[in-house]
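Comments concern the structure below.
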Amino acid sequence: MRRFVLMIGVLGGALGCGNKAAVGEDAMQGVPMCANPVTGGNVVARQIGRVVGGAMLATSPPNDPRLFVIEQRGAIRIFNAEQLLPDPFLDLSADAGGPVIAGGENGLLGLAFHPQYATNGEFFVFYTARGGPAQRDVVARCTVSAADPNRADAASCVDVLSIPDFAGNHNGGMIEFAADGTLVIGTGDGGGGGDPQRTGQDLTSLLGKMLRIDVDARTNGEYGIPAGNPFAAGGGRPEIFMLGLRNPWRWSFDRGTGDIWIGDVGQGQIEELNVVRAGQQAGVNFGWSVYEGSNCCMTTPDRCTQGDGATQACDTPNLFAPQDERSHDDGWISIIAGQTYRGSCYPDLVGWHLYTDYDQQHLVKARLRTDGSLEVVDLPGPSPHHTSSIHADSRGELYLTTDGGNVYHLEAAP
Ligand SMILES: [Ca+2]
């Protein structure tokens with residue numbers, strides 16, 4: 001099984017595909033290339049380590065060989081050459097006196113490094129905190145220590161957005177920088193069940209949305225409004241980028257195309273995957289809570305809005321229909337969208353988006369056809385149970401995390 005050359009402790013140890021050494025560099029993108037790419041269209045998960053409590057996401061700064069893993073309790077850990085460093089990069093947990101409230105769907109949920117992190121040291125986190133009607137959903141800007149690239153001080157963090165939230169569930173929590181340098185933020189509908197405050201379609205609420213802000217223009221406190229936001233000139237909160245989401249727990253941009261892949265966790269029946277091409281994203285309405293997937297809530301109230309009754313008819317115009325829907329009748333309960341593989345280690349996986357469900361133990365790969373539909377392949381598995389995220393490092397290599405704290409590298413197999 002292991003055909004890789006073990007080179008821990010040298011350059012390749014940090015940059016390799018699995019245990020494989022990486023040498024050379026792609027002159028176009030500055031991304032290290034794998035020395036010995038492995039073919040195969042199947043995927044296996046190889047565990048590289050474990051962190052404390054739930055592991056919510058793995059990511060890296062641009063062109064940085066380290067892997068940063070979020071602990072739900074509020075800390076960020078670093079793997080260097082697949083070795084876990086003993087001290088956290090940042091600790092915002094309650095145990096450390098930090099602001100994060102954790103447990104259930106709460107905690108430190110998102111992390112994104114500024115595209116110019118190498119020079120400005122800025123990174124952004126999304127966490128749930130005390131305050132608000134029940135709590136707050138916070139996006140904060142933090143800065144790495146000037147003295148130690150493996151440490152950041154909690155005192156460096158300042159709130160960029162603080163969104164009042166009325167329940168402990170449906171907090172979204174994923175953040176990523178788009179190719180144009182704007183920061184995109186996914187928020188849940190607030191919680192409870194059945195979108196009780198009807199935030200999904202409410203243009204005065206930041207809940208149930210994809211938000212987009214410019215963290216380099218501080219015209220609105222700690223951020224500015226990108227000119228292309230659909231309500232930048234009025235008609236809704238200017239931070240809104242897309243709307244009609246229930247709980248976009250995990251999503252990502254395809255680094256090769258700029259397309260966005262969003263897994264929106266369903267209410268009682270349907271898990272949905274939405275893929276929207278670059279350049280067509282601003283103002284897209286995914287339909288919650290008019291629809292759950294392709295089920296209209298007005299005609300299926302017990303499944304969708306829990307008897308409260310929908311507020312908008314099924315023929316609400318210009319709703320985006322998901323390209324993949326999975327039924328709770330088939331055992332799907334919470335979709336975990338992942339990321340499209342753009343690494344160099346596994347050529348047969350390039351261009352395929354890998355995703356799964358929290359309660360499934362197999363991965364799915366999909367890619368967009370020219371007509372906008374998806375080619376979907378259910379892989380045989382088994383993959384790790386209770387997956388919380390699938391996300392790429394700086395090379396485009398994909399890592400799977402679980403809410404048991406396990407971290408895996410996804411690798412091609414026959
Ligand atoms: Ca909430």
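The values are calculated or read from the model by the stated rules, or taken from the named source; none is laboratory data. In this text, all values refer to a predicted model and were calculated from it rather than measured experimentally. Backbone-built Cβ (ideal geometry, glycine too); neighbour counts: all protein chains shown.
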Tell me yes or no: at least one residue of the range 377-394 is of a type outside the set (Ser, Thr, Tyr), over 24 Å from Arg50 (Cα atoms) and in a strand (DSSP E or B). yes
Which one of the conditions (1) assigned to a strand (DSSP E or B); (2) crowded, with 24+ Cβ neighbours inside 10 Å does Cys345 fail to meet, given that it meets all the rest? (1)
Residues that are closer than 22 Å to Phe124 by Cβ and hydroxyl-bearing (Ser, Thr, Tyr), drawn from the range 196-250: Ser205, Thr219, Tyr223
In the range 136-153, residue farthest from the ligand (Cβ to nearest atom) [restricted to those that are closer than 29 Å to Ser205 by Cβ and hydrophobic (A, V, I, L, M, F, W, C)]: Cys142
Take the range 250-307 and flag every residue that is at pLDDT below 90 and either hydroxyl-bearing (Ser, Thr, Tyr) or touching a Leu at 6+ places or on another chain (Cβ under 8 Å) (or both). Thr299, Thr300, Thr305
Mind checking whether some residue in the range 379-389 is touching a strand residue (DSSP E or B) at 6+ places or on another chain (Cβ under 7 Å), under 23 Å from Pro61 (Cβ atoms), crowded, with 23+ Cβ neighbours inside 10 Å and in contact (Cβ under 8 Å) with a residue 12 or more places away in the chain? yes
Among the numbered criteria (1) under 22 Å from Gly188 (Cβ atoms); (2) over 20 Å from the mean Cα position of the chain (by Cα), which one does Tyr127 miss? (2)
If you check Glu122, Glu176, which single one turns out to be away from the ligand (no atom under 12 Å from the Cβ) and in contact with a Cys (Cβ under 9 Å, 6 or more places away or on another chain)? Glu122
Condition check: within 16 Å of the ligand (Cβ to nearest atom) and of a type in the set (A, V, I, L, M, F, W, C). Does Leu161 satisfy that? yes
Take the residues of the range 87-114 that are of a type in the set (A, V, I, L, M) and under 22 Å from Val144 (Cβ atoms): which is nearest to the ligand (Cβ to nearest atom)? Leu109
Exactly one of (1) out of contact with any Cys (no Cβ under 9 Å at 6 or more places or on another chain); (2) away from the ligand (no atom under 16 Å from the Cβ) is unmet by Pro133. Its number? (2)
Every listed condition ((1) within 12 Å of the ligand (Cβ to nearest atom); (2) within 21 Å of Thr59 (Cα to Cα); (3) of a type in the set (Ser, Thr, Tyr); (4) over 19 Å from the mean Cα position of the chain (by Cα)) holds for Thr187 save (4)
Hey, among the residues in the range 32-52 that are assigned to a loop (DSSP other than H, G, I, E, B) and surrounded by 19 or more Cβ atoms within 10 Å (Cβ to Cβ), which one's modelled with the lowest pLDDT? Ala35
Checking Tyr127, Tyr117 in turn, the sole residue that is touching a residue at least 12 places away in the same chain (Cβ under 8 Å), over 18 Å from Pro164 (Cα atoms) and hydroxyl-bearing (Ser, Thr, Tyr) turns out to be Tyr117
Return the total of residues in the range 130-152 being out of contact with any strand residue (DSSP E or B) (no Cβ under 8 Å at 6 or more places or on another chain) and either without any contact (Cβ under 8 Å) to a residue 24 or more places away in the chain or among the β-branched types (Val, Ile, Thr) (or both). 3
Yes or no: Gln197 within 16 Å of the ligand (Cβ to nearest atom), more than 22 Å from the chain's Cα centre (by Cα) and not aliphatic (A, V, I, L, M)? yes
